[in-house]
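Here is the structure we will look at, set down as structure tokens.
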Amino acid sequence: MSLIELDAITRTFTLGAATVNALRNITVAIEAGEYVAIMGASGSGKSTLLNLLGLLDHPDSGHYRLEGRDVTTLSADEQAALRRDRIGFVFQSFHLVPRLTAAENVALPLVLAGVAPELRRQRVAEALGKVGLSERADHRPDELSGGQRQRIAIARATIMRPAVLLADEPTGNLDRHTGAEVTELLEALNTAGATLIIVTHDPALGQRARRRLMMEDGVLSDERG
Ligand SMILES: Nc1ncnc2c1ncn2[C@@H]1O[C@H](COP(=O)(O)OP(=O)(O)OP(=O)(O)O)[C@@H](O)[C@H]1O
Ligand SMILES: [Mg+2]
């Protein structure tokens, strides 16, 4: 059993008379602990694929098994619980809650999971330490730099110790140096055991991954090495 198994997945969008085949018959398996880059031109289906892996979207046909469970047959509530407990998602534009402090943002998944306040504080402190932002716990997102915001988002995405960490252009809004720091943080999490799947336009970042899934007009090809 692989961590992730996609079997003949299709996703089609209809906009008026136009039909877009965003994913065409995608079959692929990803093992626990892998570091995978999803690459391809704008509009080729990268985000559609990542959203589907993150249970933010559903296929029109085909099956998706995560840790051996066919998620396409789960109820909406079961999918939400799986998303909370097993999947970490990092976005290009951070998606932090503006009113909440860094610590409160990181704590959100624990709150939703009903973790007791004392354990929550402990886990959040630990997570902030891991991303090097213990000093910024009480700052709100607009008091943080882009790189710091993304590190907070990564702390939030990994606080539940997910089986898989998904990142859609995580360095897309950052300058080169800050982007490299964020990439190193994600890679350190992978080295520590997390399965890492990154969507990127950046060929240099793609080359750092041990495997590339190339998207072209909804069709996937697999490149290793
Ligand atoms: N919600 C939607 N409704 C209609 N069409 C959509 C929707 N989401 C994506 N598409 C279409 O599906 C195709 C794939 O989009 P997707 O966002 O996956 O591309 P991408 O590879 O992530 O591109 P980019 O590099 O620009 O982010 C595009 O043609 C897009 O217009
Ligand atoms: Mg995209």
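We did not get these values from a lab; they are worked out from the coordinates using the rules stated. Quick caveat: nothing in here was measured; it's all calculated off a predicted structure. Positions of Cβ are generated from backbone atoms using ideal geometry, with glycine treated the same way; all protein chains shown enter the neighbour counts.
Only one residue in 166, 174 is under 29 Å from residue 40 (Cα atoms), assigned to a loop (DSSP other than H, G, I, E, B) and either touching a residue at least 24 places away in the same chain (Cβ under 8 Å) or in contact with a Cys (Cβ under 7 Å, 6 or more places away or on another chain) (or both). Which one?
174
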When the stretch 126-171 is checked residue by residue, the ones that are away from ligand 2 (no atom under 16 Å from the Cβ) and among the acidic types (Asp, Glu) are 126, 135, 138, 142, 143
Taking the stretch 186-225 and keeping only residues that are within 16 Å of the chain's Cα centre (by Cα) and farther than 25 Å from residue 176 by Cβ, one is left with 193, 195
Filtering the stretch 192-225 down to residues that are assigned to a strand (DSSP E or B) and surrounded by 19 or more Cβ atoms within 10 Å (Cβ to Cβ) yields 195, 196, 197, 198, 199, 212, 213, 215, 220
Filter result for residue 16 (in contact (Cβ under 8 Å) with a residue 24 or more places away in the chain and of a type in the set (Gly, Ala, Ser)): no
Just to be sure before I move on: is residue 8 part of a strand (DSSP E or B), hydrophobic (A, V, I, L, M, F, W, C) and near ligand 1 (Cβ under 9 Å from one of its atoms) in the structure I sent? no
